[in-house]
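Inspection log for the structure reproduced underneath, given as structure tokens.
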Amino acid sequence: MGISLGNLDRRRFVSLTLGAVAAAAVAPAALAQRADDFDFLFFTDTHLQPEMDAAKGCDMAFKKMRGDNVAFAIQGGDHIFDALGVPTTRSLSLFDMYDKTEQDLGLKVYHTVGNHDVFGIYTESGMKPTDPLYGKKYFRDHIGKPYYSFDAKGVHFIVLDSIFITADRHYEGRIDDAQLKWLAADLAAQAATQPIVLVSHIPLVTAYELYNDDVVASNPRPHQLAVANTNKIFPLFHGKNVLGVLQGHTHVNELVEWQGVPYMTSGAVSGNWWKGTHLGTPEGYTVVSIRGGKLTTRYETYGFKSVDPHNT
């Protein structure tokens, strides 16, 4: 025996049914776009090397990091010092040293390629472009993709490759065309409310040139301190929930906000390349907190004392 519904009850029944179906369809997406409250580490410019007590310093930093209640860590680039202009044997030994040191951290670590992680592009390295380890080939094969994205705790993370190898065997900060196309597609696939965090070794936005006239004056290459074509990235952020951009490279602790997006550059684990503080920023790392859909940072030092007699 069927149930008879009047016109009003029928309309109400259909409305309630469609509403329930719509709610069921929307609920999973809404949940996916709400970030958990959590902390993670952002540490950069470890510049690991056998000289300057660098291995001891990294070990000290990692031991302190282990005491932080964090979900994972992101290494912001320049793992070693360095692979640009030295023989292959030196680069390989440095990465082996870094790998063994990082294991003591005991955390899942996501990696970013830095300029000092690129093999042999300076001619003084003796490497040829045909060498199987030249450029980013070692990084890609042994550490990970130079650029990629991943999801964690309700946040979509995008790790960029900001190291562009120039025709004259040098580097500059630039996001190449293929990566820009990938980035546009990755961001377009995210809902407007999806929390997003980006990572770049060379800063997308920085005021560093205002702090350090000596470095700027002595550097004949204008695009080594910041990414040259960040203006092509800004439009991709429109309509997206970008919580912040995490950066390295300059070894200073800095926060610049542009169009509502905070660009946070972390001080270096190596400080002033293991020679003390750099422009007032000591050796350290950053704890990043996501709370209520907002990103904040806290810079932590770990008590390293430089062996350099000219420690500043």
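Computed from the coordinates by the stated procedures, all read-outs in this text should not be read as laboratory data. Keep in mind it's a predicted model, so treat the numbers as computed, not measured. As a convention, Cβ positions derive from the backbone with ideal geometry for all residues, glycine included, and neighbour counts pool all protein chains shown.
Hey, rough spin-label estimate for Arg221 and Thr123, points 7 angstrom out along Cα→Cβ, what's it come to in nanometres?
1.4
Give me the distance in nm between label points sitting 7 Å out from Cα along the Cα-to-Cβ direction at Asn229 and Gln179, one decimal.
1.1
Going by how many other Cβ atoms sit within 10 Å of their own, how do Val118, Val227 line up, fewest first?
The order, fewest Cβ neighbours first, is Val118, Val227.
Sorting Met60, Met127 on the 10 Å Cβ count, fewest up front, what's the list?
Ordered from fewest to most neighbouring Cβ atoms within 10 Å, Met60, Met127 come out as Met60, Met127.
Need the C-alpha centroid separation for the range 116-153 versus the range 178-196, integer Å.
24
Given R₀ = 22 Å, what would the calculated FRET efficiency be for Lys108 paired with Asp36, taking r from the Cβ atoms and rounding to 0.05?
Given R0 = 22 Å and the Cβ-Cβ separation, E is 0.90.
Any chance you could run the full-extension gain for Ser289 through Phe150? It's 0.36 nm times the residue separation minus the Cα-Cα distance, nm to one decimal.
Difference between extended and current length: 48.3 nm.
Can you give me the angle between helix 7-32 and the longest principal axis of the chain, using Cα atoms only, in degrees from 0 to 90, rounded to the nearest 10?
Rounded to the nearest ten degrees, it is 10.
When averaged across all projection directions, what area in nm² does the alpha-carbon convex hull of the range 243-288 cover?
Its average projected convex-hull area is 3.1 nm².
Nearest 20 debye, what's the magnitude of the dipole of the chain about its Cα centre given +1 on Lys and Arg Cβ and -1 on Asp and Glu Cβ?
The calculated dipole for the chain is roughly 1280 debye.
For Ser162, what residues show an amide H to amide H distance below 5 Å, using hydrogens built from the backbone and excluding near sequence neighbours?
His201, Ile202
Considering the dipole of the chain built from charges on the beta carbon (Lys and Arg +1, Asp and Glu -1) around the Cα centre, which of Ser93, Ile163, Leu41 is farthest to its positive end?
Comparing the listed Cα positions along the dipole, Leu41 ranks first.
Quick one: Phe119, Phe150, fewest Cβ neighbours within 10 Å first, how do they rank?
Exposure proxy ranking, most exposed first: Phe150, Phe119.
Distance check, please: which entries in Lys56/Lys153; Lys136/Lys181; Lys63/Lys305; Lys56/Lys275 exceed 23 angstrom between their Cα atoms?
Violating the 23 Å limit, Cα to Cα: Lys56/Lys153.
What does the helix-only formula give at 222 nm for the chain: each DSSP H stretch with n ≥ 4 adding -39500 (n - 2.57), the total divided by the residues, and the result rounded to the nearest 500 deg cm²/dmol?
-8000 deg cm²/dmol
What does the extension gain come out to for Ala167 and Arg66, with contour length at 0.36 nm per residue minus their alpha carbon separation?
The span from Ala167 to Arg66 would gain 32.2 nm if fully extended.
Once both labels are modelled 7 Å past Cα along the beta-carbon direction, what's the His142-Glu51 spacing in nm?
2.1
In degrees from 0 to 90, rounded to the nearest 10, what is the angle of the helix 88-102 Cα long axis to the longest principal axis of the chain?
Between the helix axis and the principal axis of the chain, the angle is about 50 degrees.
Summing Lys, Arg as +1 and Asp, Glu as -1, what charge do residues with Cβ under 11 Å from the Cβ of Trp182 carry, Trp182 excluded?
Counting the neighbours of Trp182, the net charge comes to -2.
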